[in-house]
Amino acid sequence: MAITITNTFVDAAIAQASQVNANFTDVKNFVDALQAGTGFTAGAIPAAALATNSVTAIKITDGVVSYAKLDSADVPSGLAVTDQIVLGGQIFG
């Protein structure tokens, strides 16, 4: 998701407080969406960008990372929700 800023300013122009505040609100809404996990475009975070051990057994077993959240392109065809998945030597499912 790209951030959209409501107002733009040019040199020597007077900015009204309401315009500046609207821009801050745009930034806040963008950051809040990222923090909530709702502001990501599908595929925006490549696997290479994930820190080692950022997807853990605990996150998978407590539902933070679920079968439904897995990219269907990365799930072998024919794999059912009840099947097991092996990630880094850990077996889930």
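No value in this document is a laboratory result; all are computed from the given coordinates. Predicted, not measured: the structure shown is a model, and the values here were computed from it. Using ideal geometry, Cβ is built from the backbone for each residue, glycine included, and neighbour counts are taken over all protein chains shown.
Quick look at the numbers
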quantity: Within region 1-16, backbone nitrogen closer than 17 Å to the virtual label 7 Å beyond the Cα of Thr41 toward Cβ; calculated: 1-5
quantity: Whole-number D in µm²/s for region 1-44 (Stokes-Einstein; Kirkwood sum over Cα pairs; 25 °C, 0.890 mPa s); calculated: 209 µm²/s
